[in-house]
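Report on the structure given below.
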Amino acid sequence: MNIFAKFKETAFSVLPVMIVVVILGLTVAPLSLSSMTGFVLGGVLVIFGLTLFLLGVDIGILPIGERSGAALTSKKNLPLLLGAAFVIGFIVTVAEPDVQVLADQLKGIDSSVSKWNLIFMIAAGVGLFVSLGILRTVLSVPLRLILIISYAVIFALAYFTPTEFQGVSFDSGGATTGPMTVPFIMALGVGVAAVRSKSGQPSKTASSDDSFGLTGIASIGPIAAVCLYGIFMTGGSEPSAEQFKEAAELSFSANHFLALLPEIIHEVISALAPLVVMAFLFQIFLLKMPPFQIIRMIRGLVFSFVGLVVFLLGAQGGFMPVGERLGEILGEFAVSGDKLVVVYNSLGEVTSSLSIPGIIEIIFLLLTGCLFGAVVVCAEPAVWVLTDQVESISGGTIKRKVMLIALSAGVAIAIGISMARVLFGFSLWYVLIPGYIIALLLTFVSPKLFTGIAFDSGGVASGPMTSTFILSFTLGASSTSGGNPAIDAFGVIALVAMTPLIAIQMLGIFYRIKMKNAGGEK
């Protein structure tokens, strides 16, 4: 992949967010010069880091996943395939940038959380459900059945999960489907479906349907894992808004990039080391690539290492602290215009008084969240890949523009709802439960292919910008509006990830109707 093409993709992803922040920072949410400078520098580092990381994934890591998937499926050894699928899912999730960022965000507001224990739990959940997804493909179990049973179990687990872990658990499902994890999982899913097709087990159409859905199944595992982590974790205390505000101010004032560098390098080495070990073991026992391909793989791993270090340095050093600070300013702005409402009883006596945020301030914060949502989803490179894919599959019937409008509107509404949760503190379940019920009911009427694509793409909209900036912005707004960030702010990634489940299946239904009408006209 041409490095300039990658740079263009990542710049297009990050720059719209930077432009909106700079405009807000110079107008209604004034930021200091040092803050703006740190944010711009952090944004530049995020762009260059993500460019190098994605380039390394393309030239060195993605080929490992593709060749491993093909080699494992060709051996037709189901225990070996399922065991390797678990190991691959576990290792690549540990190295996933979005998972690292999510764990850092949670640890920043609750010091009792062990970052690496949380990451390992998420990785184990991904590995287990990748194996389950592979088994589903081999046995030709309907995707709808797996999804309905899995989400029923998930919501049952969430009922017993402490409140401060409920939003994080569903956020982890969206964070895992990032640029590191998806290529490996997709390679395995396509490889298994292709082998089944060659063996003559399913029809060609069924094989095409089975090529999608594995990523959607894999994203369920982290939700279950974090729920279990919350249920069985002992000794933790519920974090308060004051604790988060202190942590945010500390990280914001100590915005020294070089001071963060040693710890970030250590974290990236810890994250990528298992992947390097796996790659060389696969080379010795399975792949046996020629020397020039080994050199290319090593070059890709080096690019990925440097890119991940630079990306996390920019995100932690400038991007996330300013996102938090901007959220704090706008959150404080929304509750500063309080209006007193006096409540009378039936006798005309004053019984109580309420102080509610000013309507204009509330609307402004909600619209700002919606604006960020629309900008972020349109800027995500993975969204453009997805829209191309759907337009191709539908033979041009479902236009990319229609897809972008549907996803943009959905994500804008999702982040607007997240801002409303921050201000009014209503439960995440009021949104997630109806949303997933609708998504699962649509599986009965949407074409199977679109259902697979929809659940695969649940994490597409929740890319690096959502995990870094949007979550930081929501946490900051929660800390100054009187809420609990662990409860009110986490869940924003989950809402963003839920949007494509409904939008793409609705487009699938539209596609089916249009095809039927076209057939009737003929």
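Brief remarks follow.
- Centre-to-centre, using Cα atoms only, the stretch 8-44 and the stretch 264-317 are separated by 30 Å.
- V22/I438 FRET efficiency (R0 41 Å; Cβ-Cβ; nearest 0.05): 0.65
- Among the listed pairs K401/K516; K115/K288; K75/K448, those whose Cα-Cα separation exceeds 26 Å are K115/K288; K75/K448.
- When peptides 437-445, 306-314, 166-174 are ranked by their average number of other Cβ atoms within 10 Å per residue, the highest-first order is 166-174, 306-314, 437-445.
- FRET efficiency for F426 and L281, using Cβ-Cβ distance with R0 set to 51 Å, rounded to 0.05: 0.55
- Placing a pseudo-label 7 Å from each Cα along the Cα-to-Cβ vector at W116 and I295 gives an inter-label distance of 3.5 nm.
- Spin-label model, F4/K76: points 7 Å from Cα along the beta carbon direction are separated by 4.8 nm.
- For the stretch 460-517, the convex hull drawn through the C-alpha positions has a volume of 79 cubic angstrom per residue.
- Restricting the calculation to alpha carbons of the stretch 432-501 gives Rg and Dmax of 14.6, 45 angstrom.
- A Stokes-Einstein calculation at 4 °C with viscosity 1.567 mPa s, built on the Kirkwood radius of the stretch 19-143 over Cα pairs, returns a diffusion coefficient of 72 µm²/s.
- Judged by the mean number of other Cβ atoms found within 10 Å, the most tightly packed of the peptides 67-73, 131-137 leads the ranking 131-137, 67-73.
- Computed over all pairs of different Cα atoms, the Kirkwood value for the hydrodynamic radius of the stretch 397-522 is 15.6 Å.
- Residues of the stretch 104-140 falling in the label zone of V153, defined by backbone nitrogen less than 15 Å from a point 7 Å along Cα to beta-carbon, are 124-137.
- The peptide list 269-275, 36-42, put in order of mean Cβ contacts within 10 Å with the highest first, becomes 36-42, 269-275.
- Once the chain from H266 to T397 is taken as fully extended at 0.36 nm per residue, the excess over their C-alpha distance is 42.3 nm.
- Alpha-carbon centroids, the stretch 104-145 and the stretch 76-96: separation in whole Å: 12
- Stretching the chain fully between F232 and V445 yields a gain of 72.8 nm (0.36 nm per residue, less the alpha carbon separation).
- Fraction of the pair-distance distribution of the stretch 1-76 above 17 Å, Cα-Cα pairs, percent: 59
Throughout, read-outs are computed from the coordinates displayed, never taken from laboratory work. In this text, all values refer to a predicted model and were calculated from it rather than measured experimentally. With ideal geometry, Cβ positions are generated from the backbone for all residues, glycine too; neighbour counts draw on all protein chains shown.
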